[in-house]
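Data first, discussion second: the structure below is written as structure tokens.
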Amino acid sequence: MKKIICFTAAVSLLLSACVSRKKYRILESERNSLNLSSKNCNDELKNEKALTADLTNKNKALYAQVEDLKARSNQMLTTLQDMSVLSAKQAESIKQSLDNISEKDVYIRNLQTALKHKDSLNMALVMNLKKNLDDINDKDVNIKVDKGVVFIDISDKMLFNSGKYTVTSDAKKVLGKVAKVLNTYPDIEFTVEGHTDTIPIRTEVVADNWDLSVKRATAVVRLLQKEYNISPARMTASGHGQYAPIAPNNSEEGRSINRRTRIIILPQLDQFFKLMVQN
């Protein structure tokens, strides 16, 4: 027992000698940050799973209603035919209606399969983005999924100097991490949007906030193309100026939130409909 105590004391002494308190606090802070990022990812995953489960339950209920309607209609058609109430033309018309119901049933099933596939792709994309950006302050980069669309919001102080539209060297590291993930999904198209607050700006090269937002979006698109080899055919640059705020502009905090560049991952509608046809 004494040997164990002595060994433990020696290890503690060795660790305290090797790792300073300052370095230990930094490591502890990084670990807490990683734990928080992991928790946020898990929360979003749970929300997506809940939405998918709700959609599945609604579709199952719809399937049951369709099957019940088909069974009732078949039974009624058989009964009426046995009673010689229906003419051949009327019977054929009812049969066509039943066939249409069956086609709608197949459509619903294919739609559910396509939706599940799209949700899985979005979740994988979000997880990869958060993994690559886990060392970035959450206040500077925010990633979320809303109604099947992936949004990446990057604060202006992360990307640009005040009133400028030249991407900073530090911002290139962040955009490089985003580009690394986007390059693994070569079929995905996206829009880069510039946004400002309501404080007016006018310089020799910038006419107003709208002009600044467009120039910033274009600067990001050009950088993604030239330095990270993302095809320009996949990207669209647009500027909204101060006209699409997500926070009130009557405080510095709100204005800081509104000054942002947003990358919107567009739904792959062509692949979505292709999945529906194939299934």
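Would you say Val220 is surrounded by fewer than 20 Cβ atoms within 10 Å (Cβ to Cβ) and either within 21 Å of Thr166 (Cβ to Cβ) or touching an Asp or Glu at 6+ places or on another chain (Cβ under 9 Å) (or both)?
In short, no.
Counting only residues that are aromatic (Phe, Trp, Tyr) and part of a loop (DSSP other than H, G, I, E, B), how many does segment 181-208 have?
Summing the residues that are aromatic (Phe, Trp, Tyr) and part of a loop (DSSP other than H, G, I, E, B) in segment 181-208 gives 1.
Quick check: anything in segment 176-197 assigned by TED's automatic domain parsing to the domain that holds Gln242 and farther than 23 Å from Val126 by Cα?
Yes, segment 176-197 has at least one match.
Quick grid of which residues meet (1) within 17 Å of Tyr228 (Cβ to Cβ); (2) not assigned by TED's automatic domain parsing to the domain that holds Asp197:
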residue	(1), (2)
Asn128	yes, yes
Val141	yes, no
Lys147	no, no
Ile152	yes, no
Asp156	no, no
Leu159	yes, no
Ser162	no, no
Val167	yes, no
Ala171	yes, no
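Return the residue satisfying two criteria in turn: it lies in segment 115-138 and is farther than 20 Å from Lys173 by Cβ, over 11 Å from the mean Cα position of the chain (by Cα) and not basic (Lys, Arg), and of such residues it is modelled with the lowest pLDDT.
Checking each candidate, the answer is His117.
Check off (1) loosely packed, with under 15 Cβ neighbours inside 10 Å; (2) over 25 Å from the mean Cα position of the chain (by Cα) for Leu212 and give me the number that stays unchecked.
(1)
Looking at (1) surrounded by fewer than 18 Cβ atoms within 10 Å (Cβ to Cβ); (2) touching a strand residue (DSSP E or B) at 6+ places or on another chain (Cβ under 8 Å); (3) at pLDDT below 95, find the lone condition where Asn258 falls short.
Failed condition: (1).
The values are calculated or read from the model by the stated rules, or taken from the named source; none is laboratory data. Fair warning: this is a prediction, and the values are worked out from it, not measured in the lab. Cβ: placed from backbone, ideal geometry, glycine included. Neighbour counts: every protein chain shown.
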